[in-house]
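Computed from the coordinates by the stated procedures, all read-outs in this text should not be read as laboratory data. The shown structure was predicted, so the numbers you read here are calculated from the model rather than taken from an experiment. For neighbour counting, all protein chains shown are included, and Cβ atoms are generated from backbone atoms with ideal geometry for every residue, glycine included.
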Amino acid sequence: MADTFKKRQNTIQFFFLVAALLLIGKAMQLQLVDSTFRTKANATAIDKLTIYPSRGVIYDRDTNLMVNNDPIYDLMVTYNRIDPEMDTSKFCELLNIDGAFFRESLHKNWRDDRFSKSVPFVFMSKISAERFARFQESLYQFPGFFVQLRNVRGYPANTGAHLLGYIREVNKREVEQANDIYASGDYIGATGLESSYEELLRGEKGAKYVFKDNLGRVIDTYKSERRDVIAKSGKDLVSTIDLDLQAFGEMLMENKRGSIIALEPATGEILAMVSSPGYDPNDLVIGNEERGKAYLSLNRDSLKPLFNRAVLAQYPPGSLFKPLVALIAMQEGVLKPKRLIRCNGAYFHNGLRLTGCHGHPTCTSVSMAIQHSCNAYFVTVFREVVDQFGFDQPNIGLDTFNAYLNRFGLGKPLGIDFPSEKGGNYPTSRYYTDWFNKQQEGQRWNSLWIRSLAIGQGEIQMTNMQMVNAAAMLANRGYYITPHLVKGYLNSNASIPEKYLKKNFIGIDKEHFEPVIDGMERAVLAGTARSAYIPDIPICGKTGTAENSGKDHSIFFSFAPKENPQIAVVVYVENAGFGGTYAAPIASLMIEKYIRGEIPRERLWRLEYIKNANLLELLP
């Protein structure tokens with residue numbers, strides 16, 4: 001019995017001894033061999049690191065890259081972890097900064113809720129990859145500092161500055177209103193597609209929790225499987241832009257002030273959107289050390305290169321308005337396609353010459369009136385539309401006329417996927433009643449006094465986007481699809497909004513379009529737009545010469561071919577004279593470039609003439 005008890009006692013003691021040895025061995029391994037737990041025990045904090053997503057890139061319609069991402073680095077610092085004995089001179093030398101910058105970057109208003117001595121903040125932002133490479137090897141010598149990778153924009157094609165836009169740092173108001181989406185130092189789309197598609201392009205920030213030692217160095221992750229959040233990249237946009245056509249249009253508009261817009265009538269997809277003067281989008285990228293100077297120079301330039309004339313400028317459309325007047329008059333039944341109206345060099349009333357016109361044969365039809373852009377013809381029919389309910393009730397007639405303009409998309413923004421689009425203007429009957437009352441109480445107005453509207457002058461204003469949309473409306477014989485700049489998303493099933501697929505019918509019977517379109521074709525073949533003629537490509541167009549306090553503006557809108565149109569184009573060249581001088585040939589070159597892919601040898605003289613024309617020298 002005693003022997004059995006003794007054996008059990010020895011067995012139990014053996015197991016305790018083995019267990020004790022295992023525990024001692026593990027303790028030795030942890031404390032003397034493996035430094036993991038010792039290092040973690042020395043950690044002074046658990047930090048949350050923000051992981052910035054890759055911003056979505058932008059392609060043209062054929063997936064040629066227009067906007068990409070370039071790496072850039074922000075140097076972060078936690079004030080409480082800075083080593084007061086650090087080698088400041090070496091630190092400044094590696095980053096190419098001086099002592100004043102060092103002290104200023106560290107000095108914060110610690111009473112401000114945005115800053116804390118124990119929370120990392122940006123010491124120096126937008127460090128280039130080249131400068132970071134020099135600094136990285138010595139980073140360990142500067143406790144409290146660490147680097148955060150960011151992405152900024154690059155523009156491999158150096159084109160499309162206005163339509164693409166640029167990004168900038170968020171401001172305080174944006175941070176406060178963002179519901180934790182943005183933090184101080186984050187980037188946001190400021191203009192162009194970068195702004196209108198910010199929500200899709202920016203992606204979603206991620207987070208990583210790490211142990212840091214008392215020198216601010218990352219030691220290990222902290223519960224990464226449970227707490228870390230993976231950053232989600234922004235969506236890659238496939239734009240509607242034809243990159244070659246966009247670059248070609250920008251080249252044509254060099255040394256000129258104005259805009260070109262081209263779109264596909266059947267879809268409303270914008271093929272090119274040029275505003276001139278423009279600028280190199282790479283001048284305003286974050287990380288460019290001369291960015292501030294470049295922006296200041298552009299902002300102070302009297303030619304306003306930052307101003308997007310495609311959607312912000314509001315102009316009198318001039319004679320481009322006449323086809324719309326004809327459509328409304330025929331729909332209202334006051335004009336027949338074969339109607340003859342005499343001109344005699346001007347519009348006369350009671351023997352008085354009121355609105356001048358240029359010399360041309362007597363117009364015996366709507367088509368001929370558009371071909372020769374007869375002012376007398378369109379003043380006559382406009383007045384008849386306004387006076388159809390009685391000469392003493394022009395308000396009813398003008399309101400009827402304006403109801404069509406509203407359906408044409410005038411007097412309001414079209415709703416394109418682009419920020420800050422202007423809406424132009426058409427004067428209402430209330431406007432005229434109020435205006436004439438101000439001149440003399442009880443004074444009445446009539447159609448004669450507002451006749452300038454018939455030829456696209458007076459208070460009527462349109463944006464270039466509205467003008468090209470009107471050309472598309474004519475090309476489609478009665479409807480338009482709201483112009484837009486994004487076709488879809490790469491590697492995504494997401495679709496564009498329904499409004500950019502829907503046909504907007506304008507309330508004009510299809511039969512009324514043919515005499516107008518025939519007149520536009522005749523204008524190119526043997527009328528005011530002969531400079532737009534291209535053999536084998538039937539172009540339908542209308543010139544305009546908008547009166548201006550200085551030299552008149554040259555305007556042209558068009559579509560081609562006549563049947564099954566592939567492209568609509570508007571060209572507006574400020575202070576360039578007659579519509580046929582510059583606007584019409586520029587539009588024809590854009591059409592030919594898009595349809596044929598190149599300008600044939602026999603037309604290169606026209607290209608060189610336009611390309612070499614410097615109209616900025618002629619500006620007042």
- Item | Amide H contacts under 5 Å for Met253, placed H, 5+ residues apart | none
- Which whole-Hz couplings ³J(HN,Hα) result when phi for each residue of the stretch 607-612 is put into the Karplus expression 6.51 cos²θ - 1.76 cosθ + 1.60, θ = phi - 60°, listed in order with x for Gly and Pro? 4, 5, 4, 5, 4, 8
- Figure the gain on full extension for Gln177 and Lys611 (residue separation times 0.36 nm, minus the Cα-Cα span) and round it to one decimal in nm. 151.5 nm
- Item | Total charge dipole magnitude, the chain, about the Cα centre, Cβ charges on Lys, Arg, Asp, Glu only, Debye to nearest 20 | 940 debye
- Any idea which of Trp110, Ser54, Leu200 is furthest toward the positive side of the dipole for the stretch 47-239, if Lys and Arg beta-carbons carry +1 and Asp and Glu beta-carbons -1? Trp110
- Query: Where does each of 469-479, 398-408 land if you order them by average Cβ count within 10 Å, highest first?
  - Reply: 469-479, 398-408
- Query: To the nearest 10 degrees, how steeply does helix 513-526 sit against the main Cα axis of the chain, on a 0 to 90 scale?
  - Reply: 80 degrees
- Per-pair calculated FRET efficiency, R0 = 22 Å: Leu501 and Lys412 via Cβ, rounded to 0.05: 0.60
- Per-peptide average of other Cβ atoms within 10 Å, ordering 450-463, 420-433 highest first: 450-463, 420-433
- Message: To the nearest 20 Debye, how big is the dipole of the stretch 329-422 about its Cα centre, given +1 on the beta carbon of each Lys and Arg and -1 on that of each Asp and Glu?
- Response: 360 debye
- Query: Counting Lys and Arg as +1 and Asp and Glu as -1, what is the net charge of the other residues whose Cβ lies under 14 Å from the Cβ of Ala546?
  - Reply: +1
- Message: Debye calculation, C-alpha points only, no solvent: report log10 I(q)/I(0) for the stretch 423-568 at q = 0.11, 0.17, 0.21 Å⁻¹, in the same order as the q values.
- Response: -0.60, -1.11, -1.33
- Helix 464-475 vs. the chain, principal-axis angle (Cα, 0 to 90°, nearest 10): 60 degrees
- Helix-derived [θ] at 222 nm for the chain: sum -39500 (n - 2.57) over DSSP H runs of at least 4, divide by residue count, nearest 500? -9500 deg cm²/dmol
- Using only Cα positions of the stretch 47-239, each an equal point scatterer, no hydration layer, compute I(q)/I(0) via Debye at q = 0.15, 0.17, 0.19 Å⁻¹ and quote the log10 values to two decimals. -1.03, -1.24, -1.40
- Query: Cross-link list Lys562/Lys593; Lys108/Lys208; Lys304/Lys499; Lys293/Lys593; Lys235/Lys502: which exceed 28 angstrom alpha carbon to alpha carbon?
  - Reply: Lys304/Lys499; Lys293/Lys593
- Two decimals is fine: what's Rg over Rh for the chain, C-alpha atoms, Kirkwood radius as Rh? 1.20
- Query: Got a sec? How would Val285, Val570, Val486 order by Cβ neighbour count within 10 Å, fewest to most?
  - Reply: Val285, Val486, Val570
- Helix 375-386 axis, angle to the chain major axis (alpha carbon atoms, nearest 10°): 80 degrees
- Which of Ser275, Ser558 comes first, and how do the rest follow, when ranked by fewest Cβ neighbours within 10 Å? Ser275, Ser558
- Taking Cα pairs under 8 Å and at least six residues apart, what relative contact order does the chain come out at, in percent? 14 percent
- Task: Assuming R0 = 22 Å, can you tell me the calculated FRET efficiency for the pair Thr88 and Leu139, based on Cβ-Cβ distance, to the nearest 0.05?
- Result: 0.90
- Which parts of the stretch 478-499 would a label at Glu514 reach, counting a residue when its backbone N lies under 20 Å from a point 7 Å out along Cα-to-Cβ? 478-479
- Note on the structure: With Ala157 itself left out, Lys, Arg at +1 and Asp, Glu at -1 over residues whose Cβ is under 11 Å from its Cβ give -4
- Task: Within the set of other residues whose C-beta is less than 11 Å from the C-beta of Asn437, count the net charge using Lys and Arg as +1 and Asp and Glu as -1.
- Result: +1
